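Reviewing the structure listed below.
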Amino acid sequence: MVGRAVSGAVTWGLFAAWAVHDAEELATMARWARTARPRLQERFPQVPDGVWRRLDLSQREVNTAIGLMAGVVAAASASGARTGGRSRFFGTALIGFGLHGAVHLAQSAAYRGYTPGAVTAPLVVIPYSVWALRRLAAAGVPVTEGRSAAAGLALFPAAVAGVHGVARLLNRRGAAGPRKPARVRASSRATESRA
């Protein structure tokens, strides 16, 4: 059975739900990371220092990562809209997004308090994901079968880590200012050594 196409509310709903959820993260992530780190380090002293340094997020880095993820989620939604919800990319992103909501709840439980995204995860992310998966199932679109579910479980965290890594690289370069061409750097060093 090929299945019917689903409405744009299902496919573009992924981007809308993500935007609401990530607006919460945009508003809270950098500040939360700064204030939560000491509590987390005290609670989990066995975690290496390098891991904790990854929590040093500037607002600029958070903005960049969320902007990059916007492109990924918009592309997944567009792919879903173009195929009536049958795109593997859309299905994988949808499942990953729903699982991401459950991870937020687990993080807050482990932290024993608020973590960025914990408000919209149970109010937007999980309800939208369940609703969209039901609409896809009603239209005969199989997205919860083995490959999509496993890919969603693996690829969403990889995408999140990837955009944060790229954001960190972009913002570290930007923070250092523009680099001078090699010959300008060399002539600057020569001038400094003569002085």
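If you check Ala118, Ala139, Ala132 for being among the small types (Gly, Ala, Ser), open to solvent by less than 60 Å² (accessible area, probe 1.4 Å), modelled with pLDDT of 95 or more and closer than 13 Å to Val10 by Cα, only one passes: Ala132. When Arg37, Arg43, Arg31 are screened for being basic (Lys, Arg), open to solvent by less than 70 Å² (accessible area, probe 1.4 Å) and either touching a Cys at 6+ places or on another chain (Cβ under 7 Å) or free of Cβ contacts under 8 Å to residues at least 60 places away in the same chain (or both), only Arg37 passes. Right, Arg4: part of a loop (DSSP other than H, G, I, E, B), over 17 Å from the mean Cα position of the chain (by Cα) and closer than 23 Å to Val125 by Cβ or not? When the stated conditions are applied, Arg4 does not pass them. Of everything in the range 74-93 that's open to solvent by 10 Å² or more (accessible area, probe 1.4 Å) and of a type outside the set (Gly, Ala, Ser), which residue is nearest to Val125 (Cα to Cα)? Checking each candidate, the answer is Thr92. Cβ separations smaller than 8 Å between residues 6+ apart or across chains give no pair from the range 76-104 residues that are without any contact (Cβ under 8 Å) to a residue 12 or more places away in the chain and within 16 Å of Gly140 (Cα to Cα) to residues that are open to solvent by 20 Å² or more (accessible area, probe 1.4 Å) and part of a helix (DSSP H, G or I).
The values are calculated or read from the model by the stated rules, or taken from the named source; none is laboratory data. The shown structure was predicted, so the numbers you read here are calculated from the model rather than taken from an experiment. Note: ideal-geometry Cβ built from the backbone for every residue, glycine included; neighbour counts use all protein chains shown. The accessibility values were calculated without ligands, DNA or RNA, using every heavy atom of the protein model including side chains. Shrake-Rupley method; radii C 1.70, N 1.55, O 1.52, S 1.80 Å.
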